[in-house]
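Enquirer: After the structure tokens below, expect a handful of questions from me.
The values are calculated or read from the model by the stated rules, or taken from the named source; none is laboratory data. Because the structure is predicted, anything quoted here is derived from the model rather than measured. Cβ placement follows ideal geometry from the backbone for every residue including glycine, while neighbour counts extend to all protein chains displayed. Each accessible area value is taken on the protein alone, full model and side chains, heavy atoms only, with ligands, DNA and RNA left out. Shrake-Rupley method; radii C 1.70, N 1.55, O 1.52, S 1.80 Å.
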Amino acid sequence: MKIAFIGLGNMGGPMALNLHKAGHAVSAFDLSTDACKKLGAEGVSIAKSAAETLAGAEVVISMLPASQHVEALYLGSDGKPGLLEHIPVGTLVIDSSTIAAATSRKVAEAGGKRGVAVIDAPVSGGTGGAIAGTLTFMVGGSEADLERARPVLEKMGANIFHAGGAGAGQTAKICNNMLLGILMIGTSEAIALGVANGLDPKVLSEIMRRSSGGNWALEKYNPLPGVMETAPASKGYAGGFGTDLMLKDLGLAQENAAAVRAATPLGGLARNLYAAHSLAGHGALDFSSVIKLVQSKPA
Ligand code: NAD
């Protein structure tokens, strides 16, 4: 299958590579020349612009940071037309970025008017899941469009869920990430408390992992450097899922909660803690670096 892939960052890069390795003809593009070079070195064909990736493509996939990037890409900005103008009728668009559900619905509606099916398919599983091809996809759109997307999604993920109509994938995603943001702070607090009491963090983490406090951070993403070799914490909090991206998702959850008058007190507190962490200069570090907020300093 010919696939256009736009956005080759921490997630999009390995996702596009998995499609290439599965034998699809991928034409990829990113605004960052470094991101393009990295993927080009793996044998993936790099286009000179987003529009150029479209030549012959049956499926277009995007993996961009936030709502404004997705809206500008597909619907245009500053008077310039968006990519939708150039996408042939009958093409399937899969946007895997985590963005506002309202933006996903807007793009899907604009696509529908032009005969282009657009589904939102945000992911969970982190960069490890993107590399291993074991992501979880949460899809918003019609059942029929999800079935069209399934063979492609299966090359990048292990779990594919139909959350509901357009935008529903995004709603599921922000519920999940609100929980993730909260549990990473809770896990950090518990580890920091144990360490302040002289416990070995590896032993404490293992005890909690196998006890009632067990969770995804303890399984795969320990926030303390040195506990888990593969976690971003042990790589200087580089790569992974940026603090500013988590802050964006917690902001989306709060906007959504306000719109439907839901009570999300811990989600609100978590957003403020990540905001403080970002303001302290850690926005580009992986979000598990939030443990820095609660680590005791030696007396
Ligand atoms: P990233 O910042 O590493 O990559 C985003 C890429 O998009 C960058 O390389 C940037 O240059 C590119 N880009 C921006 N605008 C563009 C445009 N108009 N055309 C082409 N390229 C453009 O971000 P990421 O970590 O890969 O995350 C991407 C999305 O996935 C975000 O919405 C994020 O919330 C979500 N997500 C991330 C993770 C994670 O663990 N990193 C996990 C799940 C979901």
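Enquirer: Quick one: is Gly126 within 14 Å of the ligand (Cβ to nearest atom), assigned by TED's automatic domain parsing to the domain that holds Leu31, out of contact with any Leu (no Cβ under 6 Å at 6 or more places or on another chain) and within 30 Å of Met228 (Cα to Cα)?
Expert: yes
Enquirer: Are there any pairs, at least 6 apart or on different chains, whose C-beta atoms fall under 8 Å, with the first in the range 233-255 and assigned to a helix (DSSP H, G or I) and the second of a type in the set (Asp, Glu), and if so, which?
Expert: Listed pairs, sorted by first residue: Ala233/Asp286; Thr243/Asp286.
Enquirer: Quick check on Lys106: is it away from the ligand (no atom under 14 Å from the Cβ) and surrounded by fewer than 22 Cβ atoms within 10 Å (Cβ to Cβ)?
Expert: Numbers: away from the ligand (no atom under 14 Å from the Cβ): yes; surrounded by fewer than 22 Cβ atoms within 10 Å (Cβ to Cβ): yes.
Yes.
Enquirer: Identify all residues within the range 14-49 that are within 20 Å of the chain's Cα centre (by Cα) and among the small types (Gly, Ala, Ser); write none if there are none.
Expert: Ala16, Ala28, Ser32, Ala35
Here is a yes/no grid of residues against (1) assigned by TED's automatic domain parsing to the domain that holds Pro65; (2) under 25 Å from Pro201 (Cα atoms); (3) under 21 Å from the mean Cα position of the chain (by Cα):
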residue	(1), (2), (3)
Asp244	no, no, yes
Leu247	no, no, yes
Leu250	no, no, yes
Ala253	no, no, yes
Asn256	no, no, yes
Pro265	no, no, no
Gly268	no, no, yes
Leu279	no, no, no
Leu285	no, yes, yes
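Enquirer: Please find, within the range 269-299, the residue that is nearest to the ligand (Cβ to nearest atom) out of those that are exposed (fewer than 15 other Cβ atoms within 10 Å of the Cβ) and at pLDDT 95 or above.
Expert: As a first pass, look at the range 269-299 and keep what is exposed (fewer than 15 other Cβ atoms within 10 Å of the Cβ): 269, 272, 276, 279-281, 284, 295-299.
When the remaining residues are screened for being at pLDDT 95 or above, the result is 269, 272, 276, 279-281, 284.
Details: Leu269: 20, Asn272: 19, Ala276: 20, Leu279: 19, Ala280: 20, Gly281: 18, Ala284: 9 Å.
My answer is Ala284.
Enquirer: Are there any pairs with C-beta distances below 7 angstrom linking a residue in the range 20-46 that is free of Cβ contacts under 8 Å to residues at least 24 places away in the same chain to a residue that is within 14 Å of the ligand (Cβ to nearest atom) and open to solvent by 50 Å² or more (accessible area, probe 1.4 Å), with the two at least 6 apart or on different chains, and if so which?
Expert: From residues that are free of Cβ contacts under 8 Å to residues at least 24 places away in the same chain, the pairs are Gly40/Ile46.
Enquirer: What number goes with the only condition from (1) more than 16 Å from the ligand (Cβ to nearest atom); (2) open to solvent by 70 Å² or more (accessible area, probe 1.4 Å) that Thr230 does not pass?
Expert: (1)
Enquirer: Within the range 168-178, can one find any residue that is more than 17 Å from Leu273 (Cβ to Cβ), free of Cβ contacts under 8 Å to residues at least 60 places away in the same chain and not in a loop (DSSP other than H, G, I, E, B)?
Expert: yes
Enquirer: While we're on this one: Tally up the residues in the range 134-156 that are surrounded by 24 or more Cβ atoms within 10 Å (Cβ to Cβ), of a type outside the set (A, V, I, L, M) and assigned to a strand (DSSP E or B), please.
Expert: 2
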